[in-house]
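Please read the structure below before turning to the comments.
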Amino acid sequence: IRSRAEGRAREAAMGARFSREETQALEVMGLGSDTDRTRLRRRYSELVRRYHPDRNGGDRSHEARLGRVIDAYQLLKVSAAFA
């Protein structure tokens with residue numbers, strides 16, 4: 001678990017390019033602030049394949065993770081930072 005100070009330092013390092021929600025979405029997807037639109041799409045595809053229920057025997061933890069990945073991607077794909 002990160003401390004609040006670590007979280008603020010991480011946000012400062014990400015700069016003003018991303019909002020707090022976008023920064024959290026990047027973390028869910030395992031991406032950094034130097035990510036471009038192409039890398040975002042590739043990572044999304046990788047994670048969907050990895051956590052899809054058909055590939056994991058209906059494992060509930062994978063279904064929950066997939067839901068977080070989809071939500072994060074939906075937020076990021078319309079972000080002004082990737083325009």
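Mind telling me which of the residues G57, G67 ends up being within 14 Å of the chain's Cα centre (by Cα) and over 16 Å from T23 (Cβ atoms)?
Details: G57 fails: within 14 Å of the chain's Cα centre (by Cα).
From the options G57, G67, the qualifying one is G67.
Among the residues of segment 65-83, how many are more than 14 Å from A25 (Cβ to Cβ) and exposed (fewer than 11 other Cβ atoms within 10 Å of the Cβ)? So that I can check it myself, show each step before the final result.
The initial filter retains those residues of segment 65-83 that are more than 14 Å from A25 (Cβ to Cβ), namely 66, 83.
Filter again for exposed (fewer than 11 other Cβ atoms within 10 Å of the Cβ), leaving 83.
Summing the residues that are more than 14 Å from A25 (Cβ to Cβ) and exposed (fewer than 11 other Cβ atoms within 10 Å of the Cβ) in segment 65-83 gives 1.
Go through segment 28-70 and give me each residue that's among the charged types (D, E, K, R) and assigned to a loop (DSSP other than H, G, I, E, B).
The answer is D34, D36, D59.
Tell me, which residue of segment 70-79 that is modelled with pLDDT of 95 or more and not hydrophobic (A, V, I, L, M, F, W, C) is farthest from R17 (Cα to Cα)?
Per the criteria, the residue is D71.
Could you list, in sequence order, the residues of segment 51-64 that are charged (D, E, K, R) and open to solvent by less than 90 Å² (accessible area, probe 1.4 Å)? Even if it seems obvious, please write down each step before you answer.
Narrowing segment 51-64 to residues charged (D, E, K, R): 54-55, 59-60, 63.
Within segment 51-64, D59, E63 meet the criteria.
With the condition kept exactly as written, say whether any residue in segment 32-50 is surrounded by 11 or more Cβ atoms within 10 Å (Cβ to Cβ), closer than 16 Å to A81 by Cβ, at pLDDT below 95 and more than 14 Å from the chain's Cα centre (by Cα).
The answer is no; no qualifying residue exists.
Please determine whether any residue of segment 15-24 is surrounded by 12 or more Cβ atoms within 10 Å (Cβ to Cβ) and modelled with pLDDT under 85.
yes
The values are calculated or read from the model by the stated rules, or taken from the named source; none is laboratory data. Just so we're clear, the structure is a prediction, and the values are computed from it rather than from any experiment. Neighbour counts run over all protein chains shown; Cβ positions are idealised from the backbone, glycine included. Remember, those area values only see protein heavy atoms, side chains included, never the ligands or the DNA or RNA. Shrake-Rupley method; radii C 1.70, N 1.55, O 1.52, S 1.80 Å.
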